[in-house]
Amino acid sequence: MFTSVLSCGENQNKKSTPSPSETAESTSETTDSTASKTILFFGTSLTAGLGIDLKDAYPALIQQKIDSLGLNYQVINAGLSGETTASGKNRIDWVLNQKIDIFVLELGSNDGLRGVPLSETKKNLQEIINFVKEKNQDTQLILAGMEIPPNMGPEYTSTFRTLFPELATANDIYLIPFLLEDVGGVPELNQRDGIHPTEEGHQLMARNVWKVLKPILMSASE
């Protein structure tokens, strides 16, 4: 079952597969459970699916892929319009009022488009990661890497791009290298605003997420 939480919208791979130790640990803790496990996508309008039906947004497409494999996971879409890392940090406690098995963090793009100091963006993302780990140390975290147009200058753009793999490495969490790979900057895959993907664009985003998520799910189900 696919669930939406506050879903409305706005305006390189560190670990693509789990290590043997992680696989064994995950399997031992989850194999005996028959309760549905939860994957929460915490992000911006990219996650919420602005401009398209919620059922066509990439989290719902991930649910379809999960269901096709008969895996016992429920996807929750917690995308929110205009979400920045600061506002995300402020609502993370409420979102984690339930047990989350896999937490996909897709924040930072709005910071970049607004020119938020990168030190602030990185600090906020780190605090969100810390909070998720403190809430449940068994939650698997996946960070969605992002890139922005060069409007803010080459140094800002370059540093923004490296911020995500640095955080993934420092925290030993999974990384989607670039959520909008093969989508960003492609006119026919984006809506008229040039920012928010079309339904076809979301299909490619789901592909980018699935490359990282599927090995985690399959390892846990073995």
_the range 85-189 - accessible surface per residue (Å², probe 1.4 Å)_ = 45
*asked:* Classify the range 113-175 from the C-alpha gyration tensor, please: rounded if a/c falls under 1.5, else prolate or oblate depending on whether a/b exceeds b/c.
replied: prolate
*asked:* Considering only protein heavy atoms and a probe of 1.4 Å, how much of the accessible area of the chain is carbon and sulfur, as a whole percent?
replied: 51
*Which lysines have a Cα lying under 19 Å from the Cα of K135, excluding residues fewer than 8 positions away in the same chain?*
K37, K89, K99, K123
_Efficiency of FRET from Cβ geometry, D172 and M218, R₀ 22 Å, rounded to 0.05_ = 0.65
*Just read off the accessible area of S36 with the full protein assembly in place, 1.4 Å probe, to the nearest 10 Å².*
60
*What number, in nm² with one decimal, is the all-direction average of the projected area of the convex hull of the alpha-carbon atoms of the range 47-113?*
5.1
*For S4, S109, write out the residues from largest to smallest accessible area, computed with a 1.4 angstrom probe and no ligands counted.*
S4, S109
*Going by accessible area, probe 1.4 Å, with all protein chains left in place, what is the ranking of R161, R91, R207, largest first?*
R161, R207, R91
*Accessible area in the full protein assembly, largest first, 1.4 Å probe, for R192, R114*: R192, R114
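The values are calculated or read from the model by the stated rules, or taken from the named source; none is laboratory data. Because the structure is predicted, anything quoted here is derived from the model rather than measured. Every residue, glycine among them, receives a Cβ derived from its backbone with ideal geometry; neighbour counts consider all protein chains shown. The protein model used for the area step is the full one, side chains on, heavy atoms only, and it has no ligands, DNA or RNA in it. Shrake-Rupley method; radii C 1.70, N 1.55, O 1.52, S 1.80 Å.
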